[in-house]
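Reviewing the structure listed below.
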Amino acid sequence: MENQHLFFEPILEKAEDYSQTTLKILKLKATSKIAEVASLLILRIFLFIPLAVVILLLSIAASLYLGELTGSPYKGFLIVAGIYMLPVILILIFRNNYLKRKIQNSIIQEILVYRRES
């Protein structure tokens, strides 16, 4: 009986070591993925801010120009606002169907690509 106990003890220790190592690897992979997503998010924020300023300035310029063409400054701003409302309306209409599935598929694809690399 004692022989069996001595026989299984190293196996149990190796199984415990294996499970601890596997847990550490999973934590490292999760940390790596979180760092990757966070860096991508930060990069996109830093790209978005200057782009938003450029779009704002171009929108003001277009509004003033259209206001000159129409003879009324507020009409130029209304035209530009109307142009911006079109994509917003389309997003609101299709958000539950097409856009939601497309975003979900891209997230799933990113996760699966990451798993294949590891």
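The values are calculated or read from the model by the stated rules, or taken from the named source; none is laboratory data. On a predicted model such as this, the values are computed, not experimentally measured, just so you know. Neighbour counts run over all protein chains shown; Cβ positions are idealised from the backbone, glycine included.
Selection of first residues in the range 44-60 that are closer than 30 Å to K75 by Cβ and of second residues that are surrounded by 10 or more Cβ atoms within 10 Å (Cβ to Cβ) and not small (G, A, S), restricted to Cβ pairs under 7 Å at least 6 apart or on distinct chains, gives the following pairs, ordered by first then second residue: S59/V80. Among the residues of the range 50-108, those that are at pLDDT 80 or above and of a type in the set (G, A, S) comprise A52, S59, A61, A62, S63, G67, G71, S72, G76, A81, G82. Within the range 30-77, if we keep just the residues that are of a type in the set (V, I, T) and within 18 Å of the chain's Cα centre (by Cα), the residue that is farthest from I107 (Cα to Cα) turns out to be I49. When you go through G67, G76, G82 one by one, which is the residue that is part of a helix (DSSP H, G or I), exposed (fewer than 10 other Cβ atoms within 10 Å of the Cβ) and of a type in the set (G, A, S)? None of the others qualify; the one that does is G82.
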